[in-house]
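Trainee: Mind looking over this structure? Questions follow.
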Amino acid sequence: MGFLHLFIVNKSGGLILHRPLGPSAPKINTNDWLRIGSTFHSLHAIAAEASPVKLPGNKNSAGADDGIEEIEGGGVILKCLQTRTGIKFVLTAEPGTANLDSALREIYVLYAECALKDPFYELEMPIRCELFTLAVDGLIERFESGGVKSR
């Protein structure tokens, strides 16, 4: 059991980061990742509109709009955290991987601490911040070694 991929989609549906997180992650080329990111963004928007139950104020306790939060399929779990600014943080993992919610929240904090504070980073553009990459690697190592407890 473990994490497979992390991808981050901006509020316009553009892929701003994709990376494998483990050795069992399938190899996917960049063009396919761009399609995956924009397709997920579209499906998330359609799910938010088609949902028969609307959350009060169209916000849940985590601050995300209605839409896809989790998809579980044969051999993979996809978990999404949408921020109030519309950025979607998406993790894929093997079934049984614990603490996906905590990992997503902590990756969001790392994004705010590392990427957004980088003076050369422009919003909505691809994330090319080595500090963020190293911090995510360290976080995933901690989660996989069991050093993080669920909240």
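The values are calculated or read from the model by the stated rules, or taken from the named source; none is laboratory data. Please read these numbers as outputs of a predicted model, since none were measured by experiment. Counting neighbours? That spans all protein chains shown, and the Cβs are built from the backbone with ideal geometry, glycine included. Accessible surface is based on the protein model in full, side chains and every heavy atom, while ligands, DNA and RNA are left aside. Shrake-Rupley method; radii C 1.70, N 1.55, O 1.52, S 1.80 Å.
Every residue, every condition in (1) open to solvent by 30 Å² or more (accessible area, probe 1.4 Å); (2) closer than 16 Å to Lys79 by Cα, yes or no:
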residue: Lys11; (1), (2): yes, no
residue: Gly14; (1), (2): no, no
residue: Pro20; (1), (2): yes, yes
residue: Pro23; (1), (2): yes, no
residue: Asn29; (1), (2): yes, no
residue: Leu43; (1), (2): yes, yes
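Trainee: Here's another thing I want to ask about it. Checking Phe3 against (1) modelled with pLDDT of 90 or more; (2) over 27 Å from Arg142 (Cβ atoms), which test does it fail?
Mentor: (2)
Trainee: Which ones in region 79-116 are hydroxyl-bearing (Ser, Thr, Tyr), closer than 20 Å to Gly138 by Cα and out of contact with any strand residue (DSSP E or B) (no Cβ under 9 Å at 6 or more places or on another chain)?
Mentor: Step one: list which residues in region 79-116 are hydroxyl-bearing (Ser, Thr, Tyr), which gives 83, 85, 92, 97, 102, 108, 111.
Restricting the remaining residues to those that are closer than 20 Å to Gly138 by Cα gives 92, 97, 102, 108, 111.
Ser102, the sole residue that qualifies.
Trainee: Go through region 120-133 and give me each residue that's in a loop (DSSP other than H, G, I, E, B) and open to solvent by 80 Å² or more (accessible area, probe 1.4 Å).
Mentor: Here is the first cut: in region 120-133, the ones in a loop (DSSP other than H, G, I, E, B) are 120-129.
Residues satisfying the conditions are Phe120, Glu122, Leu123, Met125, Arg128.
Trainee: Could you check region 45-71 and list, in sequence order, the residues that are open to solvent by 60 Å² or more (accessible area, probe 1.4 Å), acidic (Asp, Glu) and modelled with pLDDT under 85?
Mentor: Of everything in region 45-71, just one residue is open to solvent by 60 Å² or more (accessible area, probe 1.4 Å), acidic (Asp, Glu) and modelled with pLDDT under 85, namely Glu49.
Trainee: Any idea which residue in region 72-97 is most open to solvent (accessible area, probe 1.4 Å), counting only those that are part of a loop (DSSP other than H, G, I, E, B) and in contact (Cβ under 8 Å) with a residue 60 or more places away in the chain?
Mentor: Kept after step one, since they are part of a loop (DSSP other than H, G, I, E, B), are these residues of region 72-97: 74-75, 83-87, 94-97.
Next, only the ones that are in contact (Cβ under 8 Å) with a residue 60 or more places away in the chain stay: 85-87, 94-97.
On the way: Thr85: 87, Gly86: 11, Ile87: 11, Glu94: 52, Pro95: 55, Gly96: 54, Thr97: 24 Å².
Only one residue fits best here, namely Thr85.
Trainee: Name the single residue, out of those in region 104-119 being outside any helix (DSSP H, G or I) and within 17 Å of Asn10 (Cβ to Cβ), that is most open to solvent (accessible area, probe 1.4 Å). Explain how you work it out, then say what you get.
Mentor: Restricting attention to region 104-119, the residues satisfying the condition of being outside any helix (DSSP H, G or I) are 116-119.
In the following step, the residues that additionally are within 17 Å of Asn10 (Cβ to Cβ) were identified as 116, 118.
Values: Leu116: 80, Asp118: 39 Å².
For region 104-119, the residue satisfying everything is Leu116.
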